[in-house]
Amino acid sequence: MGISATELGEVEVQTGADQEPEGKKLAGRSPTQIALDRLRRDRMAVICTVITALLILAALLAPVISNIMNIYPTADKLPYEPFDVLDFSGNQMPLHGPPDHGFWAAHPLGLAPATGVDNLSRLLYGLRTDLLIASVATVLSIVTGVVLGLVAGFSRGWLDRIIMFVTDLFLSFPFLLGALAMAPIIVERFGKGDNLGRLAKAQLIALIIILTIFGWMGLCRLIRGQVLSLREREFVQAAQVMGVPTRRILFKELLPNLVAPIVVATSLALPGLVTAEAGLSFLGIGITGYPSLGQTIADAQIYWQTYPLYLWAPVMTITILVVALNLLGDSIRDAFDPRTRR
């Protein structure tokens with residue numbers, strides 16, 4: 001039984017219509033698109049992203065929130081006198097709000113003993129300071145580790161040996177001992193005189209330098225190992241044969257193939273530096289001229305029985321931020337890992 005031309009045309013049209021969606025389904029996706037799609041499907045990653053974004057937004061809007069609520073993080077800007085809100089006849093605790101009274105809408109987290117500073121404002125500004133220091137130190141350490149790792153992995157001979165020797169030397173040096181030794185030296189060098197503003201800036205810069213100096217080695221070794229494998233690939237050898245400059249090979253050919261480990265290292269380094277900054281400030285070798293969560297915890301530790309909210313508010317803020325960043329880093333690592341199937 002024959003098929004007419006009209007029927008044959010209908011079959012061809014139907015076949016073409018059926019093949020078009022198949023062509024769309026077979027469209028390829030880049031590894032970054034696949035990783036982002038995995039992150040969107042990961043509920044834990046979404047929750048941690050929202051928590052981190054809210055904390056960052058609160059830190060960025062700290063001046064706005066403080067001005068709207070008329071609360072301030074330091075004693076020199078208070079719109080009231082401490083003896084108007086504190087009981088100086090007893091233990092210098094607030095006359096209103098926690099810990100001896102109920103909730104106070106004007107100061108939701110209460111006032112600090114002895115100074116009368118608002119705890120919420122100090123927490124927001126401390127979170128802002130911690131995120132600023134950790135973010136700058138993370139960026140500087142990532143850039144340092146990536147550049148040295150690229151150079152060490154791609155070069156052969158004495159340059160690679162020198163860079164790895166310096167890396168191993170810094171890895172073997174105790175971080176806390178180095179911070180204890182370097183912080184006073186840097187502050188003494190840049191903070192001379194009675195200018196408290198200059199001293200505060202010197203402490204801020206010193207802390208960023210310390211966290212950067214002791215934060216780049218792990219990524220350097222990771223990038224070097226990746227480059228040792230990539231430099232033997234065909235596209236790198238072809239670029240060398242064509243006479244492409246070494247700088248272009250490093251930053252145009254190799255670096256784009258290292259985006260995944262760099263992103264993962266950044267997401268895991270940030271919470272570690274937040275914790276390190278809080279720990280150093282708690283020990284008294286961090287910053288003193290700006291509000292800091294570690295500094296607040298150090299001031300509140302003697303009130304852990306009589307005024308628990310004063311201590312636990314900054315502790316829980318650091319805990320939530322670090323846990324959210326760590327879980328988000330784990331999700332990013334799993335999403336960018338090509339061997340992961342979820």
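The values are calculated or read from the model by the stated rules, or taken from the named source; none is laboratory data. Only a predicted model underlies this, so the values are computations on that prediction, with no experimental measurement involved. A quick note on method: Cβ atoms are made from the backbone with ideal geometry, for glycine too, and the neighbour counts reach across all protein chains shown.
Candidates in the range 254-295 are the residues that are over 30 Å from Ser155 (Cα atoms) and among the β-branched types (Val, Ile, Thr); of these, the one that is surrounded by the fewest Cβ atoms within 10 Å (Cβ to Cβ) is Thr288.
The rows are residues; the columns are (1) modelled with pLDDT of 85 or more; (2) under 29 Å from Met316 (Cα atoms); (3) in contact with a His (Cβ under 8 Å, 6 or more places away or on another chain); (4) of a type in the set (A, V, I, L, M).
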| position | (1), (2), (3), (4) |
| --- | --- |
| Leu26 | no, no, no, yes |
| Arg29 | no, no, no, no |
| Leu36 | no, no, no, yes |
| Arg41 | yes, yes, no, no |
| Thr49 | yes, yes, no, no |
| Val64 | yes, yes, no, yes |
| Leu78 | no, yes, no, yes |
| Pro98 | yes, yes, no, no |
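In the range 49-81, how many are in a loop (DSSP other than H, G, I, E, B), more than 27 Å from Ala324 (Cβ to Cβ) and not polar (S, T, N, Q)? Looking only at that region, the number is 5.
For the range 275-304: of the residues being within 18 Å of Val117 (Cβ to Cβ) and of a type in the set (Val, Ile, Thr), which is modelled with the lowest pLDDT? Only one residue fits best here, namely Thr288. Checking the stated criteria, Asp84 turns out not to satisfy the condition of being over 32 Å from the mean Cα position of the chain (by Cα), among the charged types (D, E, K, R) and outside any helix (DSSP H, G or I). Put simply, of Arg224, Arg233 the only residue that is among the charged types (D, E, K, R) and modelled with pLDDT of 85 or more is Arg224. Among the residues of the range 300-310, is there at least one that is over 25 Å from Asn91 (Cα atoms) and aromatic (Phe, Trp, Tyr)? No, the range 300-310 has no match at all. Restricting the range 131-149 to residues that are under 14 Å from the mean Cα position of the chain (by Cα) and among the hydroxyl-bearing types (Ser, Thr, Tyr) leaves a set whose member that is surrounded by the fewest Cβ atoms within 10 Å (Cβ to Cβ) is Ser135.
Just one of the listed residues (Phe235, Phe282, Phe251) is over 24 Å from Leu148 (Cβ atoms) and in a helix (DSSP H, G or I), and it is Phe282. Considered as a group, the residues in the range 53-106 that are of a type in the set (Asp, Glu) and surrounded by 13 or more Cβ atoms within 10 Å (Cβ to Cβ) include one that is nearest to Tyr310 (Cα to Cα), and that residue is Asp100.
Of the listed requirements (1) assigned to a helix (DSSP H, G or I); (2) out of contact with any helix residue (DSSP H, G or I) (no Cβ under 6 Å at 6 or more places or on another chain); (3) at pLDDT 75 or above; (4) not acidic (Asp, Glu), Arg156 misses just one: (1).
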